[in-house]
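Accompanying notes for the structure given below.
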């Protein structure tokens, strides 16, 4: 099983669409603009019609947050560092680069305040929850060595190559 897609109600359709296309490289697979409702389907996977759906209809005002966060898994630490540099260059507010030991992440709000995470997995497991600030402007080599040293001192530390097969045995097919 995997997460299929996430749908968000939005207020400013064009601003939200631009944000997700510009920063996460999502492609528009279908879009309908209308006076009553606009909807767009977005993906980064050519085998999946959509991973994110944006649709107008979010009420004005802050109100309750209905989505805890929307997370984008990137492939490499270099890619995360490039995305982070672009956020900094564009003066995105409230950037929060952290490591969870199991991942390097940057958290930020999208234009309507939804919490977004861009992350890349590390090759280590540590007991969760865990988070501490990191400096994504450091070299990749420094980030890797500093994170590994940190993880080795945390509860549950083991390489993902050990953790993954052990957890795989606990997953029951549907």
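The values are calculated or read from the model by the stated rules, or taken from the named source; none is laboratory data. What you see is a predicted model, and the numbers here were worked out from it, not measured in a lab. A quick note on method: Cβ atoms are made from the backbone with ideal geometry, for glycine too, and the neighbour counts reach across all protein chains shown.
Search region 100-115 for residues being touching a residue at least 40 places away in the same chain (Cβ under 8 Å) and in a strand (DSSP E or B), and hand back the single one that is nearest to residue 143 (Cα to Cα).
Restricting to residues being touching a residue at least 40 places away in the same chain (Cβ under 8 Å) and in a strand (DSSP E or B), the top hit is 104.
Any idea which residue in region 116-157 is nearest to residue 101 (Cα to Cα), counting only those that are assigned to a strand (DSSP E or B) and at pLDDT 95 or above?
This residue is 124.
Could you please give the count of residues in region 23-45 that are surrounded by fewer than 11 Cβ atoms within 10 Å (Cβ to Cβ) and either farther than 22 Å from residue 116 by Cα or modelled with pLDDT of 90 or more (or both)?
4
So that you can scan it fast, the table gives a plain yes or no per residue for (1) in contact with a helix residue (DSSP H, G or I) (Cβ under 9 Å, 6 or more places away or on another chain); (2) farther than 28 Å from residue 5 by Cβ; (3) not assigned by TED's automatic domain parsing to the domain that holds residue 155:
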residue: 80; (1), (2), (3): no, no, no
residue: 88; (1), (2), (3): no, yes, no
residue: 91; (1), (2), (3): no, yes, no
residue: 95; (1), (2), (3): yes, no, no
residue: 104; (1), (2), (3): yes, no, no
residue: 128; (1), (2), (3): no, no, no
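Determine whether region 58-76 contains at least one residue that is in contact with a strand residue (DSSP E or B) (Cβ under 7 Å, 6 or more places away or on another chain) and farther than 20 Å from residue 107 by Cβ.
yes
I'd like the residue in region 26-41 that is free of Cβ contacts under 8 Å to residues at least 24 places away in the same chain and under 18 Å from the mean Cα position of the chain (by Cα) and, out of all such residues, is nearest to residue 74 (Cα to Cα).
27
Being in contact with a helix residue (DSSP H, G or I) (Cβ under 8 Å, 6 or more places away or on another chain) and more than 25 Å from residue 91 (Cα to Cα) is the filter here, so list the residues in region 32-59 that pass it.
Within region 32-59, 33, 38, 40, 56 qualify.
Suppose we filter region 122-153 for residues that are buried (at least 17 other Cβ atoms within 10 Å of the Cβ) and in contact (Cβ under 8 Å) with a residue 40 or more places away in the chain; how many remain?
The number of residues fulfilling the criteria is 5.
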